[in-house]
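Read the structure below first, then the notes.
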Amino acid sequence: MTTQQLILSLVLATMVFSVALELKVADFRRVADVPRAVVCGLIPQFVLLPVGTWLATLVLDLPPNVEAAMILVAACPGGSLSNVVTHVGRGNTALSVSISAVAALLALVLTPFNFTWMMATNPATAGWMRALALDASDIWWSLLALLALPMTLGLAVGRRWPRFTERIRKPLGTFSLIALLAFIAAGLYAQRALLNAQILPQLGIVILHNAGGLALGYLCALGFRVCARDRRAIVIEGGMQNSGLALGIIAVQFNADLGMVIIASLWGIWHIVSGLTLAFLWRQQDARLAY
């Protein structure tokens, strides 16, 4: 793990911990009572977005490495960052955490499966076909270190020391959000040489691709007729993919192909921007309704 990845992992773990301080075990019991909401959150990630991406790459005449990167990102599960964004947007955070945990486990099988069949059945990417060997330890590390451990610790601290929790909850959440935004800014500065007019087409592809994931999450939530808080969680889960996992696979399986790296990196930045934008719009909507 690089220093950059370690710093981001610590920031994400801190954010998940701060979110967990506001949760109760009863929140997860309520989610278990309505499992269809979890199923609804998994369908956009593992069915709708992969199939939609595959159809789009068949229609569009894009370079094979760009199409391969789109397919790979679509095949990856959501990451723990979606839990934080859902919480900021006042969605059902317990549902978001539950979806992320189940998705991380399903990804051991479904990520290689989806990526392989989409690559093999697309004439433009068939020549790029690789046997995807997804390291299970990466998924389990992400699940344990970035989700399960800080979430469990936050729940325990919130239950054992409620007064202490109340004092640190808001400052810690604010610090975590500022740290994440600072990390994004630092990443943009580090990659400033790539941020020129030549990547505008790739950025446009990423924006449309991400918008498709958010829209599919919204439509699926409408179809399942879930409540507004659950719908927010499902929309975010549908549009926030684990681009870090995609970058790791690109480095190992595709020799860090530049075209693929650019798409996955732009995804990693843009899905945070779009997710937080939605979250703040939802907060403003709640404020107007309360007023």
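The values are calculated or read from the model by the stated rules, or taken from the named source; none is laboratory data. Since we're looking at a predicted model, the values are computed, not measured. Because the Cβ atoms are built from the backbone with ideal geometry, glycine has one as well, and the counts that use them run over all protein chains shown. With ligands, DNA and RNA removed, areas are computed over all heavy atoms of the protein, side chains included. Shrake-Rupley method; radii C 1.70, N 1.55, O 1.52, S 1.80 Å.
Which FRET efficiency, nearest 0.05, do residue 36 and residue 106 yield, Cβ-Cβ r, R0 25 Å?
In this case the efficiency is close to 0.95.
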**Message:** What would the Debye equation give as log₁₀ I(q)/I(0) for region 52-131 at q = 0.14, 0.23, 0.25 Å⁻¹, counting only Cα atoms as equal point scatterers?
**Reply:** -0.55, -0.94, -1.02
**Request:** Over region 1-106, with every protein chain in place, what whole percent of the accessible area is carbon and sulfur at 1.4 Å, could you tell me?
**Result:** 69
**Hypothetical label at residue 283: residues of region 17-31 whose amide nitrogen lies under 14 Å (7 Å Cα-Cβ projection)** = 19
**Message:** Report the Cα centroid-to-centroid distance between region 103-124 and region 34-83 in angstrom, as an integer.
**Reply:** 10
**Prompt:** Mind ordering 160-166, 277-283, 239-245 by average Cβ neighbours within 10 Å, highest first?
**Reply:** 239-245, 277-283, 160-166
**Message:** How much accessible area per residue does region 220-291 have, counting only protein heavy atoms and a probe of 1.4 Å, in square angstrom?
**Reply:** 46
**Request:** Using the Karplus curve 6.51 cos²θ - 1.76 cosθ + 1.60 with θ = phi - 60°, work out ³J(HN,Hα) for each residue of region 59-70 in order, rounded to whole Hz, and write x for Gly and Pro.
**Result:** 7, 7, 9, 10, x, x, 5, 5, 5, 5, 5, 4
